[in-house]
Structures are given as structure tokens and as C-alpha cells.
Amino acid sequence: MSEDADACYLALQTRDARFDGRFFTGVTSTGIYCRPVCAVRAPKRENCRFFDLAAQAEQAGFRPCLRCRPELAPQANAWSHTDATRLLAAEATRWLDDPAHWPRLGRDSAAAGTESPVMARLASRLGISDRHLRRLFDSVLGVSPLQYLQTRRLLSAKQLLTDTDLPITEVAQASGFASLRRFNAAFVAHYGLAPSQWRRPPPPPGHPPGHVAVTPATTSPSARPRAQAVGTLAPAGVRLGYRPPYDLDTLGRFMAARAVAGLETVERSPGSLCLTRTLHGASVGHEARPMGWLQVRWQADRHRVQLSVSDALQAALPSLIRRVRQWLDLDADPAAIDAVLAPHFGPLNGLRVPGALDGFELAVRAILGQQVTVAAARTLVQRVVHRWGATVPVQAGWPAGLSHGFPTPATLAGQGDGQALCAELGALGVVRQRQQAILALARAVQSGELVLDGSAPLAATLASLQALPGVGDWTAQYIAMRALRWPDAFPAGDVVLQNALGTRQPSDRAPTSRPSPRAAALATEAASAPWRPWRSYAVVRIWEHGAPRPPSP
């Protein structure tokens, strides 16, 4: 349970969005649990129980609120903890939060309806036994790993039932349930309602096709009819919450400077941002899904993002929601980051580290961006996209400005013996060293030897990246920062960082010559030590806003 109940109740009374996702309130008089930002009247203090996790609230017998919807809350950031035991538990929950690790219909059939293969993989990843994994969850979180996983899947399914019109069988499959029977039984046992009773009314006549529809929840759950039209997220879309503040201006500027024509569009205005792009289903773990599109639009006054997707990506929504949260850094805790970085930079005002929807795409961009300007890298990426990226078929419902998808690893790795790919990359202006790096990267990702997303083990992935020809520390750290979501990644060899910190300047000992690249990198690494464990945020801050201010004497 949450450690300071009085502080939690104060946050609840003031609806302080900075605490959203950091605790949940169970109301004994109603049997409902809510987020601290819930708009209903605050319950009496004696009727409140506070929980750190939604799984703890559900284990205690509370049901999720239909108004504030706990599944929309930003998730906990593992790196806000310092205790080793809690850090291990946080890593375990982060792994279970990823839908890519959930069992699916037709997968893990050897489990015969149990979750043991999932837990065995998790225990193996953490280097502990299944029994110790259960003890860890019980001592730190107060729930079993199976209970935690069940809550995550139920809340994911609840969001799909509420915000989309996917058939219930597809919702069950996307949420990782081994069978439709178990899916129905879990909903009735936990929430007292059948899955169909969580449906919202169908979209009004004439609603445009091509995205999932949502209408206001004005009726009781039991009175909601099941949506009739299939394949249609509404203007509201799937809503994803975050903890304020959020520095939209810096993120928008970062994205716009790197936007590739035909692949993505960026619409910016003061206090507003809309990002639209194409994406292959394979990028979010659904190999059979064709290319689709997604759009994210900020509702800054409500501290959330609206996500809309095309029909082709609807079945991948649980994995896609996870990727979008990482792409936009929605689970960041600005208070924890500012506590470390503000003395050196001043308040960061909700600065985020832009992530990646497709780790392979980000890695190719990083390689093409070696030792060139952002504008030059964007030009090279655009040439690669227009040469090998799949062309979007002309069809109704596609946003304007999208014409290509990013080339898949299979496309680039399948260019014969590789000589043809290297030759064509050379014709596009890519130097030989980067030609070989892109070819080796595509083959490693296509074979499964290299996984580039937030679930990948950091040390092993960094070592595998740097073993590729033409990939050094700068590229590996950049990929770790944006694709692996490592908050303490730091490309010490970056020239902009070195200039900002003055580590490339001649020293008093050698006033006529600059230090060697290795010496400058070591000096930059040493200078960054006070920024741990949030050095990725410091990097973005320096790239976008210049050198840090000197510390106060």
C-alpha cells in the first residue's frame, strides 16, 4: 500500500495530475478504485484505501472506475527507485507490462491454459527461480506475479472494449488470454460484468470509416449495446495519460527537424502537437498485419494524448499502446528527473526523451546520422525510404502526406548477397562503412539475434550493437536512449555535448592542442556523473537548448 495515506488523500482532493499512476484509491463505500485525477466528488477520508498498484486494488476486491478509467494512468518508472529489491521488482513489472510477452491464442499451447511459460521466461530473464520471483512480488508488491499479469491484461482488454469495436474474440487474443472462455470467466470474476457489457454505443450514422469510434459514456455499463460496425477509434480515440508538465515545444521541434516526407507529418502550434505516420504491423509484433497509420494528438489541458489508428493496426493495439507510450515518453516522472537535473539546468518543465516506434528504423537513422548534421541525415533517410519503403496504396481514410512505409529488415537483408544493397546505398550517398553497418544490422534484426525495443537487455544489446561493423559507442548509446528507453544513456563522444561542456577545448597542461577524442570522451563522461540516472534527459536538454548553467557556488 501507499506509504503516506494523508499525502495521497491531499493529492486526491486537489486532483493533482503529477501523482497520476503513482497510487490508486479504493473507496470502501462503493467498491470502486480510482486514479487521483478522478473528476467525481472526493470520498470521505475514512472510506479511502490507497494502493501503489491497480493489481493490489483488484486483489482487495475493488473494481475499476468507469469515469477515470485506471487503465489510462501513466505507468510507474522503474528508475525512480533506488532500492535493489524494488528495482528488481520494477524490472519484473516492466517486463510483464509489455503485451509482447503475454501468451496468445494458439501460442504457448504447451501451457494447457496456465501462465507458467510466461513466468518461467521472466524468472530466467531476471536470473532467479520461479519461487523467488513469487516471493519478490509478495514482499515488495503484495500480489503474486500472476495476479499482476492478470490485472494488466484485464485493464488492456477493458480499454479495447471501451474504446474500440474489435470483436470480443480479437480483444481476448490481443489481451493475451489463452481462450475466450477464460477471458469471459476472468471478467465476470473480477468485475461482475460480461465483456460485452463494457461496450460503448456504436458511432453515429455517417461517421467516417478507417478509425476506431468512441462516444461519451452516458449510460450504465449493463445498458450499453455492443457496437455494430467493425473497423471503425473515434475523434477521441484511445486515450493515454501522462504526468504533467509536458514540454510540447521541445518535442515538436525535435520531431519536426527529423520528419521524413512521405513517412510522417508533424503539425505544430503553441501548446498543441499532432504527429501522424505509417507503421508496419511487424514493427509491433504482428507479422501478418499490413502497413497502417497512426496519429497522436495532445490534449494538454487533460494531461493525455489521443491515439487513432487505421483498421490494419487495431488488433495490435495493446502492443502499439505500449510502443506509443515509450515513443512519447508518457511514463516519465518529471518530479524525479528535476530533483537531479534542476540544480544543473534549471527546471526542465516536463522535458521528454523522444523514443521510437520501430527500433530497427531508429537504428538505421542513427547509422545514417553518424558524423553529419540532422538535416543531412534526414536527407539520407528520405532517400532510403523512397528507394526501398513500401508505397502506400491510394485509399480512402489515409491521412494526407503519407506515401511510404519504412523499409523492413527483411527488405534490406534480402538484397541478394548484400553487394547490391551496398552498391545502391552508395549511389544514394551513403559511405561504405555505413553501407556495411546497415546490412549487418538488417540481417541481425531479421534473424532475431538483435531485438531493439524497451524489453531488450541493455548490456547484451549494447555489446551486440558495437560488434556490428561501423557501429561505435555513439550510435549504440543513441539507440539505447531512444529505442531501448534507457534513461541514463550518454553518448560521451558527441561533439555537441563536448563543446557544451568545454571538454574539447585545450587544457592548461596542453594549451596549444585539443585533447584526443578518447580523452575528450572520458572527460565528458566524468562531467556527466552528477546527472545520473537521467543523463538521457540532460543530453536532449543540451541538444535542444544549449549548455547547462554553471552550478551555484
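The values are calculated or read from the model by the stated rules, or taken from the named source; none is laboratory data. None of the values given here were measured: they were computed from a predicted structure. Using ideal geometry, Cβ is built from the backbone for each residue, glycine included, and neighbour counts are taken over all protein chains shown.
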Checklist entry - Within segment 63-97, which residues are assigned to a loop (DSSP other than H, G, I, E, B), modelled with pLDDT of 75 or more and at negative phi? => result CYS65, LEU66, ARG67, CYS68, ALA73, PRO74, GLN75
Next on the checklist: One residue is enough: does segment 15-34 have a residue meeting the conditions farther than 22 Å from VAL143 by Cα, of a type outside the set (Ser, Thr, Tyr) and part of a helix (DSSP H, G or I)?
Outcome noted: yes
Item to check | Among residues of segment 429-454, those that are closer than 28 Å to VAL284 by Cβ and surrounded by fewer than 16 Cβ atoms within 10 Å (Cβ to Cβ), counted | outcome: 3
Checklist entry - Given ARG297, ARG268, ARG325, ARG253, which one is over 29 Å from PRO409 (Cβ atoms) and assigned to a helix (DSSP H, G or I)? => result ARG253
Item to check | Tally, over segment 1-52, of residues that are surrounded by 15 or more Cβ atoms within 10 Å (Cβ to Cβ) and within 18 Å of LEU155 (Cα to Cα) | outcome: 16
Next on the checklist: Checking the structure you have, find out if any residue of segment 520-541 is under 24 Å from SER283 (Cβ atoms) and not charged (D, E, K, R).
Outcome noted: yes
Item to check | Qualifying residues in segment 235-250 (those that are in a loop (DSSP other than H, G, I, E, B) and charged (D, E, K, R)) - the one surrounded by the most Cβ atoms within 10 Å (Cβ to Cβ) | outcome: ARG243
Item to check | Criterion (modelled with pLDDT under 95, within 24 Å of ASP97 (Cα to Cα) and assigned to a helix (DSSP H, G or I)) met by exactly one of ALA420, ALA459 | outcome: ALA459
Next on the checklist: Take the conditions surrounded by 21 or more Cβ atoms within 10 Å (Cβ to Cβ), under 14 Å from the mean Cα position of the chain (by Cα) and not assigned by TED's automatic domain parsing to the domain that holds THR164 and apply them to LEU307. Does it pass?
Outcome noted: yes
Checklist entry - Consider VAL430 against the criteria (1) under 23 Å from VAL353 (Cβ atoms); (2) at pLDDT 95 or above; (3) of a type outside the set (Lys, Arg); (4) not in a helix (DSSP H, G or I): it satisfies all of them except one. Which criterion is unmet? => result (1)
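Matching residues to (1) modelled with pLDDT of 95 or more; (2) crowded, with 19+ Cβ neighbours inside 10 Å:
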position	(1), (2)
ARG482	yes, yes
VAL495	no, no
THR503	no, yes
PRO511	no, no
PRO515	no, no
ALA527	no, no
